[in-house]
Amino acid sequence: MSNYRIEGATGTWEVVIGLEVHAQVTSNAKLFSGASTAFGAEPNSQVSLVDAAMPGMLPVPNRECIRQAVRTGMAIEAQINAWSRFDRKNYFYADLPQGYQISQLYHPLVGEGQLTIEADEKAGIPADKVIRIERIHVEQDAGKLMHDQHPTMSYVDLNRTGVALMEIVSRPDMTSPAEAGAYIRKLRSILRYVGSCDGNMEEGSMRADVNVSVRKVGDTELGTRTETKNVNSVRFVMQAIEHEVRRQIDVLEDGGQIVQETRLFDPNTGTTRSMRSKEDAHDYRYFPDPDLLPLELDQAFLDECRASLPELPDAKRARYTGELGLTDYNARELTAEVETFARFETLLAETARALGKPEAKVATPVANWSLSVAPGVIKALGDEGDMANATPARQAAILKMQDAGEISGGQAKEIFEIVLKTGREPDEIAETEGLKQVSDTGAIEEAIAAIMAANEDKVAEYRGGKDKLFGFFVGQTMKAMQGKANPAVVNQLLKDKLG
Amino acid sequence: MSDLTNLGVKAIRDGVAAGDFTAREVAEAFNANVAAAADLNAFIVTTPEHALAAADAVDAKRAAGEELGTMAGVPIGMKDLFATRGVQTTAASAILEGFKPEYESTVSQKLWDAGAGMLGKLNLDQFAMGSSNETSHFGNVANPWKANDGGNAVLAPGGSSGGSSAAVAARLAPAATGTDTGGSIRQPAAFTGISGIKPTYGRCSRWGIVAFASSLDQAGPMARSVEDCAVMLGAMAGFDPKDSTSLDAPVPDWAGALNADLRGKKVGIPKEYRMDGTDAEILASWDDGIAWLKDAGAEVVDVSLPHTKYALPAYYIVAPAEASSNLARYDGVRYGLRDLPEGAGLQDMYAATRAAGFGPEVKRRIMLGTYVLSAGFYDAYYTQAMKVRTLIQRDFNEAFDKCDVILAPTTPTAAFPLGDKLDDPLAMYLNDVFSVPASLAGLPAMSVPSRLNAKGLPLGLQLVGKAMDEQMVLNAGLAIEQRSGFDAQPEKWW
C-alpha cells in the first residue's frame, strides 16, 4: 500500500487509479490493410483503399500485429485467448473514415495478466507491488485532424488511420501518482523489451487514459471516477492525477458531487478540464464485425510467440544481481532501457573475452564504467566527442588495462576522452601520451626512500602508532611519482618500508 | 443478327469459339437492344464501348489461336453494386452519384478475366434495400412482363437485382450479375421468368461490392438457363484473400458436372412454408415442382424447418443492424455527395449530406439498425436475432439429415404492380418470406421458372442446398427446367 495521503479540510483522503494505455504496435503494415505505418510521412501518403473506407473495401487482419499483441500478453503473464473476436465501435468523426473503429469489446485477445512495480522509498513506494492488468485488446487507431491549414475548414490526415493499437487496461490497483508513473515506466520497458511498441510517447506511440477517484481513508466503496484522455508522458500522467485528486477533493469537501465524465489534460497548465459528461457520451452500438471471422490461434502460433520472447526486465534484473553479482541499484539502472542493457551486455562480453575471465568476474567494473564513468566523460565532452569512436573493443581495451593495473581510473577517463575525440586505439594512447601507471618497484622505492629521509619525524610518529599518517606517505609518494604510480604497488611498498 | 440476343451464355461462348459469329457481332447486337430499351430503365449507365473492347479482345485471341475463357465473348450486365474501375458505381444512391472507383471488384474482374464484357451498370434498389426496385435514386425498373388481364400496369421486376432481372428477361443481356442478401437474386429471377443462384456464403468474394449486410451479402449469376448460371457462377466464384469471409475451397466444375438424373436423391418439402393464405397458384406451381423432381428419380420427403416464422423478423434486425454501420462511411468527407450548408460544422455536414443522399428506405433501415444496436436494446434485438439465426441454421442442418435439397416456392406471389406495396413496408418485406431463411443460414439457393400464372406472369421455384453443395441445387434446378417446358418470353412493349 502506498503511503500517499491527502489531508483535506474534512479528513484524510486516498486515491484509486486505473490506467488504459494505448500502445501502437510495432509493425510495418496497419492492422487491417497493407499501408505503411512509418511516422512523419507526408499527410495522406500512407492510406490504402481500406483505410479510406472506400465502398466495398474489406479488412484483413495483419498476422504480425496479432503476434505482437500475443507476445505482449505473454510478457505480462496473461491469459492468451486462442479464440477472440473483433467488434465495431460505431461513431461519426472526420478522422474515422469507416464510421466505426474495429476493436475488441466482448472477446479480447489477451485476458488477465500483471506486472510488478519496484519498491522506491523516495517515491513513496515502500515495497514491490503487483499491478493487475485486466485485458489487452487490439484495435484501429484513428486519423488526425488539422485545424490550422485553412481559415474555415479542417483537414484530415489518414496516415495513422487503421494503425494497430494495443489497449492495455489495468485494474484500479494504483494508489499514488508515483505508482502510476512507475506502472507506465515498467509497462513501457516491457513493451520495448518485447519489441511490440517503441514506447515513444512524444510521437504518440504510447498514451494513457487516466481513471481517478478519491475516497476517505477507511472507506471501502470506490468513489465516482473521471477519465482523463490521451495523456502522453509519464510526468503528465502524474500531474493529471495530482490535479484530479485535488480537484475532486475540493468538490467533495465543498459538498459537491463528482460527475462521471471524460476530461482533457492541458500540459501547459497541468490541469484537466471537462470534455463530455456521461449524459452526452456516445452510444457506440458495439456489435461483432461481420466482415471478420473470429480470430483463432493455433498452438504452433502460440508456441512461436512464446519462443520468440526475450529475457524480460524482472528476469534480467534478477540475473544481474544474482549471477553477475551487481548491486540492486546497478541492476535496476542497467535493465531499465533496452539500449542500456544492450550496450552493457555487448561491452561485458567484449571485456570478458579481452580479459579471458568469466563475465561474473568483470561485471561490476563494466557496470560502473557503463553507468557512471563513461557517461561522465561523454557528458563533459559534449559535442567534441564522437560516440562512433567508442567501440566496445576500445572500451574493453581500456577496462583491460585498468584491470591489469597498467592505468589508473583517472587515466582511463583521460584515455577514453581521447578515444572519443580521435578514434585512436587506447593502447597506443596510453603509450604515446604517457598515460600509464608506474609499477616499477625500483622507481617507487627510490621515491619512498627520499620521502622517508625528508620526514623522519613523521616516520617515527607512524612507527609509534599513529596509523593515520599512512595516508600522508601515500599522498607524498603519488605526488613524487606525478600521480602515475600504481596505488596498489605504492601501498605494498610503503607498508614494507615503514614496517 | 437480332437472333443473337436470344442466345444464352454457353451458346454465345461456344458459337464465338466455333466461329459461327464473332464476339463483336454479339456485343453489337446486345448494345443495340440495350440502347432501344430505355423504357425499362434497367441500366443506370451503359458502357457499349466496354462490351465492344472486350469482344474485340476475344476475337483477337481467337484469331491468334489462344485459349479462350469460360465467358469469352459474352457481354453481360453488371449490377451497379459492384465497383467497376473508371465507371460510375452508385448502389443506385444519390450519395454515390458520380463516384468512379479506382478499383475493380474481385467478382467483376474475374468475369472480365474469363472473357466477358460489360454492357452497362444495372439499376437496383438503393444499396440493395428493396424488393421491387422502387427505392433506386435513378428511378424504378419496369418488369418486361405484363399481365394479360387487360390492364396496362407496369409491374415490379423484383429487387434488389431488378435491373439485372429485367435486362436478362428482355434480352438486353444474356446474363447479369446479382447480389442476394435476403432474396435479391431469387425473387427478381422469379418475377421475370429467369434463373438465378445465390451460392454458399463466401463462395464469391465481397471485395469491391458495396456492402449492405456483410454477413448475408453474396453475389451470384442471373441468366435464362440453369446451365448458363452454372457457367457464370464458375467464373465468379473462388477464394479471395482480400475478403476474410471468403471460402478457401476449390471451385468445382459445376457446369461440367450438371446432371438432372436425381435417382437416389431426396428432396425435402418444408411443411412450414405452406402458410395460410398462400396464393393457390403458387401452391400449384410447388406441386408441379414436386412432380417433376419425382419424375427425375428423386424421392420426396417431408421436412420441418420449425423456426421459419422467426426468420423474417430476425433478418430485419440483423440486416439493418449491419447496414446502419456499413453505411456510416457515406459521410461527405472523402467521396460522393457532400452537402455543406453555409457556416455548417461537421455534424451539420453529416446530417445534411446523409439527409440529401439516402432515400427513404435506406434511412428507414439505418434507423432500424441503429435502434436495435443501441444501449439497452442490443440484447433484446440483436443478440436474440443472432440466436434465431443459429436456430434456423440448425433447422436446415437437421432437415439435410433427411434430404439432399429442399424445394419451396421462391416468392408468395407473382410480380406486383409498381407502387402497390410502396406505402406498406411490412407487406414489401413479406415478399422475402421464403427466401430469407436460406440467406440467414448462408446456404446455396436458386430460383428457376416453373410456369405462368393465370395472368400470364412467371412463377419461380426455389431450391435450397447444403452448404458448398451448389451442384445439387443446380442439378435439381436443371431437372425442373427440363420438365417445366418454360420457354415463355415477355412480349416486347418497350
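Every read-out reported here was derived from the displayed coordinates using simple, explicitly stated rules and does not represent laboratory data. Being a predicted model, the structure only gives us computed values, none of them experimental. Cβ coordinates were reconstructed from backbone atoms using ideal geometry, including for glycine residues, and neighbour counts include every protein chain displayed.
Explain nothing, just the number: relative contact order of the range A:441-498, from Cα pairs under 8 Å at least 6 residues apart, as a whole percent. Mind dumping the intermediate values first?
On the way: 32 pairs, mean separation 25.6, N = 58.
RCO, the range A:441-498: 44 percent.
Most tightly packed first, judged by the mean number of other beta-carbon atoms within 10 Å of their residues, the peptides B:118-125, A:460-467, B:84-91 read B:118-125, B:84-91, A:460-467.
Pairs of alpha-carbon atoms within less than 8 angstrom and 6+ residues apart define the contacts here; what relative contact order does chain B have, in percent? Intermediate values should be presented prior to the final figure.
Details: 1258 pairs, mean separation 87.2, N = 494.
Computed over chain B, the figure is 18 percent.
Compared with the dominant Cα axis of chain A, that is its longest principal axis, helix A:469-480 is turned about 90°. Treating r as the C-beta distance of B:E299 and B:E272 and R0 as 30 Å, the FRET efficiency rounds to 0.90. Neighbouring Cβ atoms from other chains, within 10 Å of the Cβ of residues in B:202-210, number 3 on average. Within the same chain, aspartates and glutamates fewer than 8 places from B:K455 are excluded, and of the rest, those with a Cα less than 20 Å from its Cα are B:D149, B:D279, B:E281, B:D287, B:D288, B:D420, B:D487, B:E491. Taking Cα atoms only, the orientation of helix A:338-355 departs from the longest principal axis of chain A by about 30 degrees. Let me see the P(r) profile for chain A: every Cα-Cα distance counted, bins of 10 Å, each bin given as a percent of all pairs. With a bin width of 10 Å, the distribution comes to 4, 15, 20, 20, 16, 11, 8, 5, 2, 0, 0. Computed over chain A, relative contact order equals 13 percent, with contacts defined as Cα pairs under 8 Å that lie 6+ residues apart. Ranked by how many other Cβ atoms sit within 10 Å of their own Cβ, fewest first, the residues B:W254, B:W493 fall in the order B:W493, B:W254. Counting lysine pairs in the range A:6-302 whose alpha carbons fall under 29 angstrom apart, excluding pairs fewer than 8 residues apart on the same chain, gives 21. In whole Å, how far is the Cα centre of the range B:367-427 from that of the range A:106-125? Centre-to-centre distance over Cα atoms comes out at 48 Å.
Of interest is the spacing of the C-alpha centroids, which for the range A:392-418 and the range A:19-51 amounts to 46 Å.
Rounded if a/c is under 1.5, else prolate if a/b is larger than b/c, else oblate: which is the range A:383-422, with a ≥ b ≥ c the root eigenvalues of its Cα gyration tensor? Before the final figure, lay out the partial values.
Values: a/c = 3.73, a/b = 1.68, b/c = 2.22.
Here the range A:383-422 falls in the oblate category.
Seen through its C-alpha gyration tensor, with square-root eigenvalues sorted a ≥ b ≥ c, the protein assembly as shown comes out prolate because a/c lies at 1.5 or above while a/b is bigger than b/c.
The chymotrypsin sites (Phe, Trp or Tyr not before Pro) of the range A:1-69 that DSSP puts in a loop, and whose beta carbon has at most 16 other beta carbons within 10 Å, are A:F39. Packing here is the average count of other Cβ atoms within 10 Å per residue, and on that basis the peptides B:282-293, B:198-209, A:322-333, highest first, run B:198-209, B:282-293, A:322-333. Placing unit charges on each Cβ (+1 for Lys and Arg, -1 for Asp and Glu) gives the range A:6-302 a dipole about its Cα centre, and among A:L222, A:A119, A:Q79 the Cα reaching farthest toward its positive end belongs to A:Q79. Could you size up the charge dipole of the range A:6-302 around its Cα centre, putting +1 on the beta carbon of Lys and Arg and -1 on that of Asp and Glu, and report it in debye to the nearest 20? Here the range A:6-302 has a charge dipole of around 360 debye. Look at the dipole of the range B:60-192 built from charges on Cβ: of B:L81, B:L119, B:N133, the Cα furthest out on the positive end belongs to B:L119. Of all aspartates and glutamates in the structure, the ones whose alpha carbon falls short of 18 Å from that of A:K497, not counting any fewer than 8 places away in one chain, are A:D440, A:E445, A:E446, A:E456, A:D457, A:E461, A:D467. When the C-alpha to C-alpha distance is required to be over 25 Å, the pairs from A:K357/A:K495; B:K363/B:K421; A:K361/A:K495 that qualify are A:K357/A:K495; A:K361/A:K495.
What is the sum of charges, Lys and Arg at +1 and Asp and Glu at -1, for the other residues whose Cβ falls under 12 Å from the Cβ of B:R483? Walk me through the numbers before you get to the answer.
Values: positive: B:K294, B:R451; negative: B:D288, B:D295, B:E481.
Net of charged neighbours comes to -1.
Beta bridges per DSSP, both residues in the protein assembly as shown: antiparallel share near 85 percent. In deg cm²/dmol and to the nearest 500, what is the mean residue ellipticity at 222 nm of chain B if only DSSP H runs of at least 4 residues count, each as -39500 (n - 2.57), divided by the residue total? Here the helix-only value at 222 nm equals -11000 deg cm²/dmol. Taking the three principal axes of the alpha carbon atoms in the range A:121-246, the coordinate ranges are 53, 36, 27 Å, sorted in descending order.
The charge dipole of the range A:370-425, taken about its Cα centre with unit charges on the Cβ atoms of Lys, Arg (+1), Asp and Glu (-1) only, comes to about 80 debye.
Roughly how many debye, to the nearest 20, is the charge dipole of the protein assembly as shown about its Cα centre, given +1 on each Lys and Arg Cβ, -1 on each Asp and Glu Cβ, and no other charges? Intermediate results must be reported in sequence, preceding the final value.
Working: 98 positive and 132 negative charges, 147 e Å.
The dipole of the protein assembly as shown has a size of about 700 debye.
Using the rule -39500 (n - 2.57) for each DSSP H run of four or more residues, divided by the residues of chain A, the 222 nm mean residue ellipticity is -12000 deg cm²/dmol. The alpha-carbon of B:K61 sits under 25 angstrom from the alpha-carbons of these lysines, leaving out residues fewer than 8 places away in its chain: B:K10, B:K110. Please state the shape class of chain B: rounded when a/c is under 1.5, otherwise prolate if a/b exceeds b/c and oblate if not, all from the C-alpha gyration tensor. It is rounded, given that a/c, with a ≥ b ≥ c, falls under 1.5.
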